[in-house]
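Asker: First, the structure itself, so that you have it in front of you.
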Amino acid sequence: MGHTVAERGDVWKALRGTDVEASARALLGCTVTAHGVTVRLTEVEAYSGVGDDPASHAHRGLTRRNAVMFGPAGVLYVYFTYGMHWCMNVVCGPLGRASAVLLRAGAVVDGIEIARSRRLGRSGLPMADRDLARGPARLAMALDITGVEYGTPLLDGTGPVTLKRPIEAVDETNIRSGPRVGISVGVDKPWRFWLDGERSVSTFRPRLPRSERPPRPEKSRQESPPRPKRPRPKSPPRP
């Protein structure tokens, strides 16, 4: 039998440590509760701090958007993407390190009816339960997370979102890792972690770096035949 979360040490200690991979792995199996819904985390992605990880929002330093990443661990970093979706991250690491873990997917374990009401499919019908929080945008929608929760504490119960230790111990041998999703830089880091066999884990679609993408086919330009000139009607002679 493999090591469990309890045997690996305290989850919160892992969040405050210097190893962002350990922080990400420790979050698997934890529960996130907000606005009447609780989700058990089944998939996460690690992002390191300044200068370490080109895919991180903090790679080039402090900005207005990523300021909370430079603060204490255990705080929620929320950002808006593609002009339509919110994504949730847990700030981790020492103060000023600016590391974070993206919450990619989970399974709704409480408040299922509320989550269903928030996640209607394209047909207007409720989604399958396994898809309610399958993917970072869906997870945020199931929990009704917006920019209002940006920078709020997760660990002490005083904020609108609460992060708790796993309900059941997670066996380390059940944790898988691979490339992160939807990035074109830092693709060599296997910093996406998920629980094997969980149906709520999102589908992996690799995104090639720009240098490896095939060239776009050129559009064929077919010359259209010249239009025939219309004869101008002759003006009647002046009286």
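Asker: Within segment 13-68, can you find the residues that are among the charged types (D, E, K, R) and farther than 22 Å from E172 by Cβ?
Answerer: D52, D53, R60, R64, R65
Asker: Which of the residues belonging to segment 32-50 are modelled with pLDDT of 95 or more and open to solvent by 10 Å² or more (accessible area, probe 1.4 Å)?
Answerer: T33, H35, G36, T38, R40, Y47 - these are the residues of segment 32-50 that are modelled with pLDDT of 95 or more and open to solvent by 10 Å² or more (accessible area, probe 1.4 Å).
Asker: Moving on to the next point. Any idea which residue in segment 89-144 is most open to solvent (accessible area, probe 1.4 Å), counting only those that are farther than 30 Å from P190 by Cα and among the β-branched types (V, I, T)?
Answerer: For segment 89-144, the residue satisfying everything is I114.
Asker: Which of the strands (runs of 3 or more DSSP E) found entirely inside segment 1-98 contain at least 1 residues meeting this: of a type in the set (S, T, Y)?
Answerer: Passing ranges, in order: 31-34, 37-47, 76-81.
Asker: Which ones in segment 144-165 are at positive phi and at pLDDT 95 or above?
Answerer: D144, G151
Asker: Would you please list the contacts, defined by Cβ atoms under 9 Å and residues six or more apart or on different chains, that run from a residue in segment 159-181 that is more than 14 Å from E43 (Cα to Cα) and hydroxyl-bearing (S, T, Y) to a residue that is open to solvent by less than 30 Å² (accessible area, probe 1.4 Å) and assigned to a strand (DSSP E or B)?
Answerer: Cβ pairs passing all conditions: T162/T31; T162/V32; T162/A34; T162/T38.
Asker: Next up: Taking the condition of being open to solvent by less than 50 Å² (accessible area, probe 1.4 Å), part of a loop (DSSP other than H, G, I, E, B) and either touching an Asp or Glu at 6+ places or on another chain (Cβ under 9 Å) or not β-branched (V, I, T) (or both), how many residues in segment 145-154 meet it?
Answerer: 2
The values are calculated or read from the model by the stated rules, or taken from the named source; none is laboratory data. These numbers come from a predicted model, not from an experiment. All Cβ positions, even for glycine, are placed from backbone atoms using ideal geometry, and neighbour counts span all protein chains on display. What goes into the accessible areas is simple: the full protein's heavy atoms, side chains included, and nothing from ligands, DNA or RNA. Shrake-Rupley method; radii C 1.70, N 1.55, O 1.52, S 1.80 Å.
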